[in-house]
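The values are calculated or read from the model by the stated rules, or taken from the named source; none is laboratory data. Quick caveat: nothing in here was measured; it's all calculated off a predicted structure. Methodologically, a virtual Cβ is constructed for each residue, glycine included, from the backbone with ideal geometry; neighbour enumeration extends over all protein chains shown. The protein model used for the area step is the full one, side chains on, heavy atoms only, and it has no ligands, DNA or RNA in it. Shrake-Rupley method; radii C 1.70, N 1.55, O 1.52, S 1.80 Å.
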Amino acid sequence: MALRLTIGFSDNPRVEPLKDSSVKPQNIELGFVTLDPSALFQRNLFYDEFDVSEMAISETLLARERTDGKKWDWSALPIFLSRGHHWPHLYVNTGSGIADLGDLRGKRIGVPDYDMTAALWFRNTLKDLHGIEAKDNVWFNGRTKELSHGGALGLDKVGPVGVTHHWLTADQTLDVMLDRGEIDACTAIRPSSRVGTQIAGNPRLRKLLPDDGKAVVFEYYRRTGFFQANHHVIVQNGILREHPWVALELFEAFRRSKEIPYERARRSASAYLYFPGADRQEQAAVFGEDPYPLGLRAMGKNVERAIRGSMEQGLLTKLLRLEDIY
């Protein structure tokens, strides 16, 4: 009889074959619940309602350290099917004097959540490409303490250590603050539903990277060899203790799942475009044919950079080993 597992995941084309049963793990029946990542992670940190879940790498590190495995009893699988790219939504105030990433040193920067993995990789990139440390800037947390993943992990009480960090109140939003010049940059600008700051055509706001960060992502990988891996997959330890075979079976199922949209994308390009562009070839020349490699042999150094970055940025207080997490 197949083991029934409930899995929480965001909408991801590399997981769709598992959701529609094009790919089926052996002896496992998966019941998918699709949620926005922010809501999914918030529910995961407070409740054990899923057996398997997508989870942010940064929050996993903090949960491992801050709960010591007593309240948050999960292990991660080295399955990395998303990238932490805030670059397309990086906006600056035109009066800030910021012309490129190197000008961000000493600036006031808004992020949705300081501890989120995309923000961690943003700060890693500033350090690795421009020598800008997290402590060189002033950070503003877009989510309030009550709604923040960091708040759920105690960052409102302790940390980030050695970093100037401010929580927004319920009546503040990052888009309004950027428009008013109260912050200099925001990594993920969105118009607030209550105020609706104009973004397009606003003379006070400017998108910093017109190519949506393509050059930065390519340069970062060329210089460091790091993918900016965002989320991985976690499984409740109770399941792994009782059914240890589940880990490898899920890993193999996710590996097969990502291969199907790869092939669909290759076929659809030739079916639709008169003159296929060179985007895929250009990306493959930098990252290789598999832009979402799985496993610790391929991705372990990326996670280790995330761990070091978390310490450098005042989140973790001690180094974790890969075997502490996976």
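Proximity of backbone amide H atoms, modeled 1.01 Å from N, is registered between LEU3 and ILE28, GLU29 at under 5 Å, excluding neighbours fewer than 5 places apart on the same chain. With all protein chains kept in place, the per residue accessible area of the chain amounts to 47 square angstrom at a probe of 1.4 angstrom. Among 53-60, 218-225, 268-275, 296-303, the peptide with the highest mean count of other Cβ atoms within 10 Å heads the list, and the full ranking is 53-60, 296-303, 218-225, 268-275.
State whether segment 11-134 is rounded, prolate or oblate according to the following rule on the C-alpha gyration tensor (a ≥ b ≥ c being the square roots of its eigenvalues): a/c under 1.5 gives rounded; otherwise a/b larger than b/c gives prolate, and the remaining case gives oblate.
Judged from the Cα gyration tensor, segment 11-134 comes out prolate (a/c at least 1.5, a/b above b/c).
Share of pairwise Cα-Cα distances greater than 16 Å in segment 19-68 is 50 percent (whole percent). Simple point charges give the picture: +1 on the Cβ of Lys and Arg, -1 on the Cβ of Asp and Glu, and for segment 51-129 a dipole about the Cα centre of about 280 debye. Nonpolar atom fraction for the chain, defined as the carbon and sulfur part of the 1.4 Å probe accessible area, stands at 51 percent. Using a Förster radius of 22 Å, what is the FRET efficiency between TYR262 and GLN26 based on their Cβ-Cβ separation? Nearest 0.05, please. Plugging the Cβ-Cβ distance into 1/(1 + (r/R0)^6) gives 0.50. Relative to the current alpha-carbon distance between ASP48 and THR224, full extension at 0.36 nm per residue lengthens the span by 59.7 nm.
Can you tell me the orientation of helix 117-130 relative to the chain, as the angle in degrees between its alpha-carbon axis and the longest Cα principal axis, to the nearest 10? So the inclination is approximately 60 degrees. Near the amide H of SER82, within less than 5 Å, lie the amide hydrogens of ASN230, HIS231, all on another chain or at least 5 residues away, with H placed in the peptide plane. Could you tell me how many degrees, from 0 to 90 and to the nearest 10, lie between the Cα long axis of helix 214-224 and the main elongation axis, the longest principal axis, of the Cα atoms of the chain? Result, in degrees: 70. The average projected area of the chain, computed from the convex hull of its Cα atoms over all directions, is 17.5 nm². Rounded to 0.05, the FRET efficiency of the VAL161 and TYR274 pair, given R0 = 35 Å and the Cβ-Cβ distance, is 0.05.
Taking the longest Cα principal axis of the chain as reference, the axis of helix 296-312 is set at about 40 degrees. The stretch between LYS135 and GLU252 holds 38.0 nm of extra length on full extension. This uses 0.36 nm per residue minus the Cα-Cα distance.
In µm²/s, what is D for segment 256-326 at 25 °C and 0.890 mPa s, where D = kT/(6 pi eta Rh) by Stokes-Einstein and Rh is the Kirkwood radius from Cα pairs? My calculation gives 162 µm²/s for D. Summary of packing: across the peptides 305-312, 95-102, 248-255, the per-residue average of other C-beta atoms within 10 Å ranks them, highest first, as 305-312, 248-255, 95-102. Kirkwood hydrodynamic radius of segment 55-193, from the reciprocal of the average inverse Cα-Cα distance over all distinct pairs: 15.8 Å.
Per-residue extension of 0.36 nm, minus the Cα-Cα distance of MET311 and ALA285, leaves a gain of 6.1 nm for this segment.
Note on LYS71: lysines with a C-alpha under 21 Å away, same-chain residues under 8 apart excluded, are LYS145, LYS157, LYS318.
Looking at the chain alone, DSSP beta bridges between its own residues are antiparallel in about 45 percent of cases.
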